[in-house]
Amino acid sequence: MPERRTAAKLIRFHPTELARITARAQACGQTPARFIRETALGSIPKARHDAVTVPLVSELARIGRSLDQLARLAQAGQDAALAKRVRVALDEHWALARQVIDGRRRSPSRIAR
């Protein structure tokens, strides 16, 4: 079992300093206290881009599912021209979604200043 932290130290911040620390901690997926502690002990915090991209990827997936349903309905209704247009839009949509996901995997983690 890890050792409990029992010593406390009061640190005073200007409101703008605390706001910046809080924003950077959130970008790293940490509480401000953990961010301060780990940074003070030499850790180099890395921003998590998931907080920004996860909602975007979720929305892209929702739109893609809707386009897929439209393509199926157009095919079932024997409207080949509409089905083809929706299928092309769906293919372009998924290509864009893959770019977003791949870009998220490749992008270096940086902390906004």
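Any read-out appearing in this document is the output of simple, stated calculations on the displayed coordinates, not a laboratory observation. This structure is a prediction, so every number in the text was calculated from the model and none was measured. Because the Cβ atoms are built from the backbone with ideal geometry, glycine has one as well, and the counts that use them run over all protein chains shown.
Rounded to the nearest angstrom and ordered from largest down, what semi-axes does the equivalent ellipsoid of the stretch 1-65 get from its C-alpha gyration tensor (root of 5λ)?
Each semi-axis is √(5λ); the values are 32, 16, 10 Å.
Hey, with R₀ at 30 Å, roughly what FRET efficiency would Lys9 and Val54 work out to, going by the Cβ-Cβ distance, to 0.05?
0.30
Run the quick spin-label model on Leu18 and Trp94: label points 7 Å from Cα toward the beta carbon, then report their separation in nm to one decimal.
That separation, rounded to one decimal, is 5.0 nm.
From zero outward in steps of 10 Å, how is the percent of C-alpha pairs of the stretch 50-106 spread across the bins?
Histogram of Cα-Cα distances, whole percents per bin: 25, 42, 22, 10, 1.
Can you find, among Ala74, Ala23, Val100, the residue farthest towards the positive end of the dipole of the chain? Put +1 on the C-beta of Lys and Arg, -1 on that of Asp and Glu.
Ala23
With runs of 4+ DSSP H residues as the only contributors, calculate the mean residue ellipticity of the chain at 222 nm using -39,500 (n - 2.57) per run, divided by the residue total and rounded to the nearest 500.
-23000 deg cm²/dmol
For the chain, build the convex hull from the C-alpha positions and give me its volume per residue in Å³. Walk me through the numbers before you get to the answer.
On the way: hull volume 18.0 nm³, N = 113.
Enclosed volume per residue, from the Cα hull, is 159 Å³.
Quick query: amide H of Gly29 versus all other amide H atoms, modeled in the peptide plane; which residues come in under 5 Å with a sequence gap of 5 or more or a different chain?
Hits under the 5 Å cutoff: Arg48.
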